[in-house]
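What follows is a set of notes on a single structure, which appears directly below.
The values are calculated or read from the model by the stated rules, or taken from the named source; none is laboratory data. Fair warning: this is a prediction, and the values are worked out from it, not measured in the lab. Cβ atoms come from the backbone with ideal geometry, glycine included; neighbour counts cover every protein chain shown. Keep in mind that these areas ignore ligands, DNA and RNA; they rest on the heavy atoms of the full protein, side chains included. Shrake-Rupley method; radii C 1.70, N 1.55, O 1.52, S 1.80 Å.
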Amino acid sequence: MTYQEQLDKSRIPQHVAIIMDGNGRWAEQRGKQRTEGHIRGVEVVRKIMENAVELGIKYLTLYTFSTENWNRPEQEVTALMGLLFKNIEEDVFIKNQVRFRVIGDIGRLPAPIQAKLNECMEHTKDFDRSCMVLALSYSSRWEITRAARILAEKAVNGEINPSDIDESMVSGVLNTNFMPDPDLLIRTGGEIRLSNYLLWQSAYTELYFCDTFWPDFNMEELCKAILTYQKRERRFGKTGAQVAEEKQNQN
(Lines give C-alpha, C1' and ligand atoms only; values in the text may rest on other atoms or scores of the structure.)
Protein backbone atom coordinates (compact mmCIF):
# COMPACT_ATOMS: atom_id res chain seq x y z
CA MET A 1 0.00 0.00 0.00
CA THR A 2 1.40 3.41 -0.94
CA TYR A 3 1.76 6.26 1.53
CA GLN A 4 -0.93 8.16 -0.37
CA GLU A 5 -3.36 5.25 0.06
CA GLN A 6 -2.70 5.23 3.81
CA LEU A 7 -3.58 8.89 4.31
CA ASP A 8 -6.64 9.99 6.26
CA LYS A 9 -8.11 12.41 3.72
CA SER A 10 -10.07 14.16 6.48
CA ARG A 11 -6.87 15.14 8.32
CA ILE A 12 -4.77 16.73 5.59
CA PRO A 13 -2.73 19.65 7.00
CA GLN A 14 -4.13 23.00 5.93
CA HIS A 15 -0.71 24.64 5.60
CA VAL A 16 2.51 22.84 4.64
CA ALA A 17 5.81 24.74 4.61
CA ILE A 18 8.90 23.27 2.96
CA ILE A 19 12.62 24.02 3.13
CA MET A 20 13.74 22.81 -0.30
CA ASP A 21 17.27 21.72 0.47
CA GLY A 22 19.79 19.65 -1.47
CA ASN A 23 19.69 20.98 -5.02
CA GLY A 24 23.41 21.73 -5.16
CA ARG A 25 24.48 18.50 -3.46
CA TRP A 26 22.18 16.49 -5.73
CA ALA A 27 23.98 17.98 -8.74
CA GLU A 28 27.47 17.58 -7.29
CA GLN A 29 26.89 13.88 -6.55
CA ARG A 30 26.13 13.44 -10.24
CA GLY A 31 29.12 15.43 -11.46
CA LYS A 32 26.93 18.30 -12.63
CA GLN A 33 27.03 22.05 -12.05
CA ARG A 34 25.05 23.21 -8.99
CA THR A 35 22.74 25.18 -11.28
CA GLU A 36 21.61 21.87 -12.82
CA GLY A 37 20.27 20.91 -9.41
CA HIS A 38 18.35 24.17 -9.17
CA ILE A 39 16.86 23.60 -12.64
CA ARG A 40 15.67 20.15 -11.58
CA GLY A 41 14.39 21.66 -8.32
CA VAL A 42 12.13 24.07 -10.22
CA GLU A 43 10.53 21.14 -12.05
CA VAL A 44 9.81 19.50 -8.69
CA VAL A 45 8.19 22.71 -7.40
CA ARG A 46 5.60 22.52 -10.20
CA LYS A 47 4.85 18.87 -9.49
CA ILE A 48 4.61 19.32 -5.73
CA MET A 49 2.27 22.29 -6.17
CA GLU A 50 -0.03 20.12 -8.27
CA ASN A 51 0.29 17.30 -5.71
CA ALA A 52 -0.65 19.70 -2.91
CA VAL A 53 -3.75 20.80 -4.81
CA GLU A 54 -4.71 17.17 -5.40
CA LEU A 55 -4.37 16.37 -1.69
CA GLY A 56 -6.38 19.40 -0.62
CA ILE A 57 -3.58 21.40 1.00
CA LYS A 58 -4.76 25.02 1.14
CA TYR A 59 -1.38 26.73 1.62
CA LEU A 60 2.02 25.60 0.39
CA THR A 61 4.93 27.84 1.43
CA LEU A 62 8.33 27.18 -0.13
CA TYR A 63 11.64 28.58 1.15
CA THR A 64 13.03 29.61 -2.20
CA PHE A 65 15.78 32.14 -1.47
CA SER A 66 16.86 33.36 1.97
CA THR A 67 18.42 36.68 2.88
CA GLU A 68 21.56 34.68 3.69
CA ASN A 69 21.61 33.26 0.16
CA TRP A 70 22.69 36.68 -1.08
CA ASN A 71 26.11 35.75 0.37
CA ARG A 72 26.55 32.83 -2.04
CA PRO A 73 28.99 33.12 -4.98
CA GLU A 74 27.85 35.88 -7.34
CA GLN A 75 27.70 33.48 -10.28
CA GLU A 76 25.29 31.18 -8.43
CA VAL A 77 23.09 34.07 -7.25
CA THR A 78 22.91 35.43 -10.81
CA ALA A 79 21.97 31.99 -12.12
CA LEU A 80 19.27 31.62 -9.45
CA MET A 81 17.80 35.02 -10.28
CA GLY A 82 17.72 34.12 -13.97
CA LEU A 83 16.08 30.80 -13.20
CA LEU A 84 13.51 32.52 -11.02
CA PHE A 85 12.63 35.06 -13.72
CA LYS A 86 12.34 32.35 -16.37
CA ASN A 87 10.08 30.10 -14.31
CA ILE A 88 7.47 32.47 -12.88
CA GLU A 89 4.77 31.04 -15.11
CA GLU A 90 1.32 32.31 -14.23
CA ASP A 91 -0.24 29.86 -16.71
CA VAL A 92 0.62 27.03 -14.30
CA PHE A 93 -1.25 28.77 -11.48
CA ILE A 94 -4.20 29.67 -13.69
CA LYS A 95 -4.47 26.08 -14.94
CA ASN A 96 -4.61 24.78 -11.36
CA GLN A 97 -6.68 27.71 -9.99
CA VAL A 98 -3.94 28.45 -7.45
CA ARG A 99 -3.30 31.87 -5.97
CA PHE A 100 0.33 33.00 -6.02
CA ARG A 101 1.84 35.02 -3.17
CA VAL A 102 5.34 36.10 -2.12
CA ILE A 103 6.83 36.88 1.30
CA GLY A 104 10.21 38.47 1.98
CA ASP A 105 12.31 41.55 1.31
CA ILE A 106 11.20 41.72 -2.31
CA GLY A 107 12.77 45.15 -2.82
CA ARG A 108 16.21 43.53 -2.97
CA LEU A 109 15.27 41.48 -6.04
CA PRO A 110 16.06 42.75 -9.56
CA ALA A 111 13.35 45.07 -10.89
CA PRO A 112 12.25 42.75 -13.76
CA ILE A 113 11.67 39.93 -11.27
CA GLN A 114 9.69 42.21 -8.97
CA ALA A 115 7.49 43.26 -11.88
CA LYS A 116 6.89 39.68 -12.94
CA LEU A 117 6.07 38.57 -9.40
CA ASN A 118 3.59 41.42 -8.95
CA GLU A 119 1.96 40.65 -12.28
CA CYS A 120 1.53 36.98 -11.38
CA MET A 121 0.08 37.86 -7.97
CA GLU A 122 -2.38 40.28 -9.56
CA HIS A 123 -3.57 37.80 -12.20
CA THR A 124 -4.16 35.00 -9.67
CA LYS A 125 -5.55 37.01 -6.75
CA ASP A 126 -9.12 35.72 -7.13
CA PHE A 127 -8.26 32.01 -7.00
CA ASP A 128 -9.13 30.26 -3.75
CA ARG A 129 -8.63 26.57 -4.48
CA SER A 130 -5.14 26.73 -2.99
CA CYS A 131 -2.34 29.23 -2.45
CA MET A 132 1.35 28.77 -3.20
CA VAL A 133 3.68 31.13 -1.39
CA LEU A 134 7.33 31.69 -2.28
CA ALA A 135 9.62 32.93 0.48
CA LEU A 136 12.06 35.08 -1.49
CA SER A 137 14.86 37.13 0.07
CA TYR A 138 13.24 36.03 3.30
CA SER A 139 14.39 35.32 6.83
CA SER A 140 12.47 35.20 10.09
CA ARG A 141 14.84 37.56 11.87
CA TRP A 142 14.38 40.12 9.09
CA GLU A 143 10.59 39.65 9.27
CA ILE A 144 10.38 39.91 13.06
CA THR A 145 12.70 42.94 13.11
CA ARG A 146 10.50 44.58 10.50
CA ALA A 147 7.41 43.81 12.58
CA ALA A 148 9.00 45.33 15.69
CA ARG A 149 9.85 48.48 13.74
CA ILE A 150 6.27 48.79 12.42
CA LEU A 151 4.78 48.43 15.90
CA ALA A 152 7.33 50.86 17.37
CA GLU A 153 6.42 53.48 14.77
CA LYS A 154 2.72 52.97 15.50
CA ALA A 155 3.38 53.46 19.21
CA VAL A 156 5.45 56.62 18.62
CA ASN A 157 2.66 58.02 16.43
CA GLY A 158 0.09 57.30 19.12
CA GLU A 159 -1.76 54.74 17.01
CA ILE A 160 -1.31 51.97 19.60
CA ASN A 161 -0.44 51.69 23.27
CA PRO A 162 2.71 49.58 23.86
CA SER A 163 0.92 47.74 26.66
CA ASP A 164 -1.69 46.57 24.13
CA ILE A 165 0.83 44.73 21.95
CA ASP A 166 0.09 41.01 22.05
CA GLU A 167 0.81 37.93 19.94
CA SER A 168 -2.13 38.63 17.65
CA MET A 169 -0.91 42.15 16.95
CA VAL A 170 2.60 40.91 16.14
CA SER A 171 1.21 38.22 13.83
CA GLY A 172 -0.86 40.88 12.12
CA VAL A 173 2.19 42.81 10.91
CA LEU A 174 4.20 39.78 9.76
CA ASN A 175 4.50 39.00 6.03
CA THR A 176 2.42 35.88 6.63
CA ASN A 177 -0.61 37.65 8.10
CA PHE A 178 -2.85 36.43 5.25
CA MET A 179 -2.55 32.72 6.10
CA PRO A 180 -2.61 30.37 9.10
CA ASP A 181 0.58 29.13 10.75
CA PRO A 182 2.05 25.96 9.21
CA ASP A 183 0.67 22.67 10.47
CA LEU A 184 3.62 20.77 9.02
CA LEU A 185 7.12 21.94 8.10
CA ILE A 186 9.22 19.65 5.91
CA ARG A 187 12.95 19.96 5.32
CA THR A 188 14.60 17.87 2.62
CA GLY A 189 18.31 17.18 2.17
CA GLY A 190 19.27 15.67 5.52
CA GLU A 191 19.89 18.84 7.54
CA ILE A 192 18.04 19.15 10.86
CA ARG A 193 17.52 22.86 11.47
CA LEU A 194 15.05 25.62 10.56
CA SER A 195 17.61 27.98 9.01
CA ASN A 196 15.82 31.19 9.96
CA TYR A 197 12.52 30.10 8.37
CA LEU A 198 9.07 30.92 9.79
CA LEU A 199 10.38 30.87 13.37
CA TRP A 200 7.46 32.80 14.88
CA GLN A 201 4.88 30.91 12.84
CA SER A 202 6.32 27.47 13.61
CA ALA A 203 5.99 27.64 17.40
CA TYR A 204 3.61 24.66 17.36
CA THR A 205 4.27 23.32 13.88
CA GLU A 206 5.05 19.62 13.45
CA LEU A 207 8.57 19.25 12.03
CA TYR A 208 9.62 16.56 9.56
CA PHE A 209 13.16 16.04 8.27
CA CYS A 210 14.15 13.64 5.52
CA ASP A 211 17.40 12.75 3.73
CA THR A 212 15.86 12.99 0.27
CA PHE A 213 17.35 15.82 -1.79
CA TRP A 214 14.73 18.23 -3.15
CA PRO A 215 15.23 17.19 -6.82
CA ASP A 216 14.17 13.65 -5.82
CA PHE A 217 11.19 14.73 -3.69
CA ASN A 218 7.84 13.54 -5.05
CA MET A 219 4.22 12.80 -4.21
CA GLU A 220 5.06 9.69 -2.18
CA GLU A 221 7.65 11.59 -0.14
CA LEU A 222 5.08 14.31 0.52
CA CYS A 223 2.48 11.74 1.55
CA LYS A 224 5.02 10.00 3.80
CA ALA A 225 5.60 13.30 5.62
CA ILE A 226 1.86 13.92 5.95
CA LEU A 227 1.29 10.38 7.21
CA THR A 228 3.92 10.96 9.91
CA TYR A 229 2.13 14.19 10.79
CA GLN A 230 -1.20 12.36 11.07
CA LYS A 231 0.28 9.88 13.54
CA ARG A 232 1.30 12.62 15.96
CA GLU A 233 -0.87 14.12 18.69
CA ARG A 234 -0.96 17.92 18.53
CA ARG A 235 -1.47 19.14 22.10
CA PHE A 236 -0.57 22.86 21.89
CA GLY A 237 0.60 22.81 25.51
CA LYS A 238 -2.32 20.75 26.80
CA THR A 239 -2.21 17.23 28.21
CA GLY A 240 -3.11 14.19 26.16
CA ALA A 241 -6.17 13.66 28.36
CA GLN A 242 -7.40 17.19 27.61
CA VAL A 243 -6.98 16.68 23.88
CA ALA A 244 -8.83 13.36 24.04
CA GLU A 245 -11.70 14.96 25.97
CA GLU A 246 -11.98 17.80 23.44
CA LYS A 247 -12.13 15.30 20.57
CA GLN A 248 -14.82 13.34 22.38
CA ASN A 249 -16.88 16.48 22.95
CA GLN A 250 -16.57 17.41 19.29
CA ASN A 251 -17.94 14.02 18.28
To the nearest 20 debye, what is the magnitude of the charge dipole of the range 21-92 about its Cα centre, counting +1 on the Cβ of each Lys and Arg and -1 on the Cβ of each Asp and Glu?
-> 240
Calculate the length of the line joining the C-alpha centroid of the range 92-107 to that of the range 9-63, in whole Å.
-> 15
Partners for residue 116 among aspartates and glutamates (Cα-Cα distance below 12 Å; same-chain residues under 8 apart left out) | 89, 90
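What percent does the relative contact order of the range 37-161 come to when contacts are Cα pairs within less than 8 Å and at least six residues apart?
35
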Amide H partners (placed H, <5 Å) of residue 206, local residues excluded = 184, 185
Probe 1.4 Å, heavy atoms of protein chains only: per residue, the accessible area of the chain in Å² is 53
Taking only Cα atoms of the range 1-113, the Rg to Rh ratio with Kirkwood Rh works out at 1.00
What order, most packed first, do the peptides 156-165, 194-203 have when packing is the mean number of other Cβ atoms within 10 Å of each residue?
-> 194-203, 156-165
With all pairs of different alpha carbon atoms counted, what Kirkwood hydrodynamic radius in Å does the range 74-165 show?
-> 15.3
Label points 7 Å out from Cα along the Cβ direction at residue 166 and residue 91: separation in nm?
-> 4.9
Work out the length of the dipole vector of the chain about its Cα centre, built from +1 on the beta-carbon of each Lys and Arg and -1 on the beta-carbon of each Asp and Glu, and round it to the nearest 20 debye.
-> 280
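Looking at the chain, I'd like the Rg to Rh ratio, where Rg is from alpha-carbon atoms and Rh is Kirkwood's inverse mean 1/r.
Values: Rg = 19.1 Å, Rh = 19.5 Å.
With Rg and the Kirkwood Rh in hand, the quotient comes to 0.98.
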Once the mean 1/r over all distinct Cα pairs of the range 144-201 is inverted, what Kirkwood radius in angstroms do you read off?
-> 13.3
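How big is the Kirkwood radius of the range 69-120, worked out from every pair of different alpha carbons and given in Å to one decimal?
12.1
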For the range 1-132, which whole-number percentage of the solvent-accessible area (1.4 Å probe, protein heavy atoms only) is attributable to carbon and sulfur atoms?
-> 45
Relative packing of peptides 70-77, 174-181 - highest average C-beta neighbours within 10 Å first = 174-181, 70-77
Options 27, 3, 107, ranked by Cα towards positive dipole end of the chain, top entry (Cβ charges) = 27
Between residue 131 and residues 5 or more places away or on another chain, which pairs have amide H atoms under 5 Å apart, with H built 1.01 Å from N, and which residues are they?
-> 59, 60, 99
